[in-house]
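Chemist: The structure that follows is given in the form of C-alpha cells.
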Amino acid sequence: DDAYVNGHVTFVAPRVGGQISRVLVDDNNRVHQGDLIAQIDKEPFEIAVAQKKAAVDTADADLQAAMASTRGLEAEARSRRWKLQGAVQDLDNQVALLHDRVAALDKSRATLALAQANFDRAKQLLGTPAESRQQYDQRQEEFSTATAQVTQALAGVRQIRASLGLPTE
C-alpha cells in the first residue's frame with residue numbers, strides 16, 4: 001500500500017484547434033519527439049480551404065470580367081476619339097470650303113461691279129459711233145453672267161453655312 005509511481009508528465013497543445021478524430025497512442029506508451037499522438041479532424045479545414053479556393057476563383061473571374069470591361073471601355077474611347085477626330089476634320093473641311101465660297105463670292109461681286117460699270121458705260125454710249133449694238137449686247141451679257149455668278153456663289157455660301165448650323169445671312 002505504500003507504492004508510488006515515478007513518471008514524467010508533459011502537457012501537449014496543438015498548433016491549431018479542432019476535434020480529435022483519432023488517438024494514435026495508448027495510455028502509458030512512451031513517445032518521442034516528432035511522434036504522431038493524435039489526429040485532428042481534417043473536414044473543417046478542408047471545407048475552409050475549399051471556401052478560400054472558391055473565393056480566389058471568384059476573384060479571378062471578377063478580375064477577368066473587369067479586365068474585359070476595361071478593354072471594352074478603352075476600345076469605345078478610342079472609337080469615340082477617332083469619330084471626334086473625323087468630325088473635327090469634317091468641320092475644318094467645311095470651314096475651309098466656306099472660306100473658299102466666300103472668296104468666290106467676293107470675286108463674283110468684283111466681276112459684277114466691273115460688268116455693271118462696263119454695261120452702264122455701254123448704255124450711255126449706245127447710238128454713238130464709239131459703241132455698236134454688238135458691244136452693248138456683249139456688255140449686257142457679261143453683266144447678266146456676273147449677276148448669275150454672284151447669285152450662285154451666294155447660294156454656295158448659304159448652303160455651307162446651313163450645313164454648319166450657322167445663320168444663312
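Chemist: Confirm whether T10 is more than 30 Å from Q152 (Cβ to Cβ) and not in a loop (DSSP other than H, G, I, E, B).
Modeler: No, not satisfied.
Chemist: Can you tell me which residues in the stretch 20-40 are part of a loop (DSSP other than H, G, I, E, B) and touching a residue at least 24 places away in the same chain (Cβ under 8 Å)?
Modeler: The one that is part of a loop (DSSP other than H, G, I, E, B) and touching a residue at least 24 places away in the same chain (Cβ under 8 Å): I37.
Chemist: Any residue that is charged (D, E, K, R), open to solvent by less than 100 Å² (accessible area, probe 1.4 Å), free of Cβ contacts under 8 Å to residues at least 40 places away in the same chain and assigned to a helix (DSSP H, G or I) - is there at least one of those in the stretch 64-87?
Modeler: Yes.
Chemist: Being in contact with a helix residue (DSSP H, G or I) (Cβ under 7 Å, 6 or more places away or on another chain), without any contact (Cβ under 8 Å) to a residue 60 or more places away in the chain, open to solvent by less than 60 Å² (accessible area, probe 1.4 Å) and of a type outside the set (V, I, T) narrows it down to one residue among A59, A103, A115; which is it?
Modeler: Within the list A59, A103, A115, the selection yields A115.
Chemist: Take G165 and decide whether it is of a type in the set (G, A, S), free of Cβ contacts under 8 Å to residues at least 12 places away in the same chain and in a loop (DSSP other than H, G, I, E, B).
Modeler: yes
The values are calculated or read from the model by the stated rules, or taken from the named source; none is laboratory data. Note that the coordinates shown come from a computational prediction; the quantities given were computed from them, not determined experimentally. Cβ atoms come from the backbone with ideal geometry, glycine included; neighbour counts cover every protein chain shown. Remember, those area values only see protein heavy atoms, side chains included, never the ligands or the DNA or RNA. Shrake-Rupley method; radii C 1.70, N 1.55, O 1.52, S 1.80 Å.
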